[in-house]
Amino acid sequence: MAATHPGKAPYEQYCGACHAPNGEGIAGGQFPPLAKSEWVGGKPERIIEIVLHGLQGPLEVDGKKFNLVMPPHKDSLTDKQIADIISYVRSSWGHRHSPVNAQQIAAMRKATAKQSDMWKAPDLLKKYPIEKAPPIRDLLSYTHLGAFDSLSALRKSKAINAEEEKDGLLSLKHAALGKASADNFGLVWTGWIEAPTDGKYTFTFDTDDGGALSINGKEIIKRDRVGPAGKPSKASVKLKKGRNDLRVEFFELTGEEVIALSWSGPGVKNQALSESKPARGGSGGNSIPIVAPSGEATIYRNFIAGTDPRGIGVGYSEGVNLAFSADSMSVDLLWKGAFIDGGRHWTGRGQGFEPPAGESVVTLNRGPAFAILDSQTTAWPGSADPKFKPAFKGYRLSDRQQPTFLYHFGPLAVSDTPLPKADGSGLTRTLIVEVPSPGSADQQAYFRVLSGGQVEALDPQSFSFNGELKVMVTESSLPPFTRDNELLVPLPLTPGKHKVIIDYTWN
């Protein structure tokens with residue numbers, strides 16, 4: 001015998017004349033739908049009173065107006081029948097509200113025994129106001145503990161607890177659970193938002209330090225860096241009317257902690273999805289966008305979030321940007337769109353690190369770019385070997401103000417020329433490595449192209465990095481290889497010049 005919902009039979013028997021099996025009102029559209037009715041949720045007392053004592057006159061359901069008479073059933077239905085019907089309605093057609101039982105119905109009968117007239121909507125709403133749906137439905141937060149400096153580090157950790165966020169807003173109130181300080185933690189939120197109609201919606205996201213936003217399983221904003229808030233990221237996406245799943249990731253290393261998210265679109269006007277709202281302006285002072293002249297590059301030498309204190313930012317007019325570390329001789333960051341805002345450092349005392357102003361920020365590598373390894377399985381050093389110490393020698397500018405970085409690693413002399421693609425889709429980087437004399441027979445030098453993310457080999461020369469970039473080693477003396485989360489290119493220590501060309505393209 002097939003199992004049935006205990007409330008389905010009485011619902012069909014007593015409500016079938018007015019409502020279809022899918023919860024929509026029938027009888028010529030005279031009756032409002034139950035499927036999307038805000039009257040169904042919230043405290044169960046309201047719907048219990050409607051069934052017991054009836055409802056008449058004008059009311060609004062799901063944005064539409066109705067004028068009707070819903071007769072009372074206090075004398076025609078038992079407590080159990082009423083409980084079964086209400087429980088069925090509160091758990092069907094997308095509703096996820098708590099059931100009711102016969103004891104609740106009996107208690108309400110007794111408490112409202114003097115109610116002789118049918119309810120009118122305004123009077124009933126004064127007694128039982130309809131609660132507004134939270135901005136994010138079914139919101140859960142998961143706390144992670146650790147010194148996270150990247151999304152990949154956060155994603156490798158496990159949550160230590162989960163909390164239900166009943167107000168439906170992203171909040172840091174559960175941050176650093178059980179810790180004395182508000183550093184070294186991460187939070188992940190899951191829930192869903194309801195789009196009023198099909199259309200294009202824009203999300204504004206700000207963090208200190210980093211984070212990511214995914215809608216319906218697709219990451220649309222990634223802020224994979226350590227740095228301050230104040231320069232929000234924006235992304236637009238097409239959504240279907242109704243439920244759209246949301247996932248937000250956030251990590252805080254040290255210093256201030258900020259998470260701010262809002263959205264706008266058809267029927268939604270800049271609605272906050274977090275307790276804090278994204279900043280409108282730049283970096284806590286006057287906004288001074290730095291823009292490269294047409295056909296040229298511009299250089300920004302100051303504190304850039306996501307790279308070392310001796311970071312050098314380069315913005316190309318093609319809409320491609322990078323941050324080079326003059327400490328580790330590594331291209332640490334790559335992003336597209338707007339370059340950087342000089343307001344923080346060019347106004348007042350100019351303290352703090354300024355994040356990239358554009359989108360699709362990718363952390364390519366942190367730490368020494370070159371090393372001598374005993375074998376291909378030897379771990380990459382956390383700091384440079386004193387015998388293979390990096391030394392920055394400045395940069396040479398082309399007639400288009402595009403830099404070639406000059407540096408040494410021990411005896412190796414390197415010229416490193418990054419150039420944007422004309423269509424702004426990526427960057428081509430040419431390294432000339434000069435070896436003055438033969439190295440030891442048992443030594444091998446390596447250039448680390450990528451680290452700290454998921455590296456997947458597409459073919460012997462092409463690689464995917466975190467699903468964001470396609471990286472091709474188009475020229476090298478020895479073939480590149482991957483290990484763990486790294487892409488390495490071996491460099492022969494034979495005297496002479498050796499060329500390595502790397503092509504970076506956003507997916």
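No value in this document is a laboratory result; all are computed from the given coordinates. What you see is a predicted model; the values in this text were computed from it and never measured. No Cβ is skipped: glycine too gets one built from the backbone with ideal geometry, and neighbour counts run over all protein chains shown.
For this structure, a couple of remarks:
- Mean-position separation - Cα centroids, segment 427-479 and segment 113-127, in angstrom: 75
- Averaging the Cα positions of each part gives two centres, and for segment 311-332 and segment 204-240 these lie 21 Å apart.
- Whether segment 333-418 is rounded, prolate or oblate, judged on the alpha carbon gyration tensor where a/c under 1.5 counts as rounded: prolate
- The tail of the calculated P(r) for segment 289-506, taken as Cα-Cα distances beyond 32 Å, holds 15 percent of the pairs.
- Candidate lysines for bridging to Lys43, where Cα separation is under 16 Å - those fewer than 8 sequence places away on the same chain excluded: Lys126, Lys127, Lys132, Lys166
- Burial ordering of Arg448, Arg225, fewest other beta-carbon atoms within 10 Å first: Arg448, Arg225
- Of Lys200/Lys269; Lys218/Lys470; Lys36/Lys218, pairs whose Cα-Cα distance is over 20 Å: Lys36/Lys218
- Order of Trp263, Trp346 - criterion: other Cβ atoms within 10 Å of each residue's Cβ, fewest first: Trp346, Trp263
- Using the Cβ-Cβ distance between Ser437 and Asp484 with R0 set to 30 Å, the FRET efficiency from 1/(1 + (r/R0)^6) comes to roughly 0.40.
- Here the gap between Gln271 and Asn161, fully extended at 0.36 nm per residue and compared with their Cα-Cα distance, gives a gain of 36.8 nm.
- Calculated FRET efficiency, Asn101 to Lys497, Cβ-Cβ distance, R0 = 60 Å: about 0.15 to the nearest 0.05.
- Database remark: amide H of Ala357 closer than 5 angstrom to the amide H of Ile340, Asp341 (H placed geometrically; neighbours at sequence offset of 5 or more, or on other chains; Pro and chain starts carry no H).
- Rough spin-label spacing in nm, given labels placed 7 Å along Cα→Cβ, for Ala182 and Glu296: 4.4
- Stretching Asn67 away from Lys173 to a fully extended chain increases their span by 33.7 nm, per 0.36 nm per residue minus the current alpha-carbon distance.
- According to the calculation over all Cα-Cα pairs in the chain, the P(r) per 20 Å bin from zero is 20, 40, 23, 14, 3, 0 %.
- Modelled spin labels at Ser477 and Lys218, positioned 7 Å past Cα toward Cβ, are 4.5 nm from each other.
- Under Karplus coefficients 6.51, -1.76 and 1.60, residue-wise ³J(HN,Hα) of segment 65-72 in Hz, glycine/proline x: 9, 9, 9, 8, 10, 10, x, x
- Segment 62-140: C-alpha gyration tensor shape, a/c 1.5 cut-off, then a/b vs b/c: oblate
- The calculated FRET efficiency for Thr112 paired with Glu38, based on their beta-carbon distance and R0 = 30 Å, is about 0.85.
- Two-site label geometry, Arg400 and Thr428: point separation in nm, points 7 Å out along Cα→Cβ: 1.1
- Charged side chains reduced to their Cβ positions (Lys and Arg at +1, Asp and Glu at -1) give the chain a dipole of some 1060 debye around its Cα centre.
- Tensor-based shape of segment 181-319 (alpha-carbon gyration tensor, a/c under 1.5 rounded, otherwise prolate or oblate): oblate
- Between 0 and 90°, nearest 10: helix 44-53 axis offset from the chain longest Cα axis: 20
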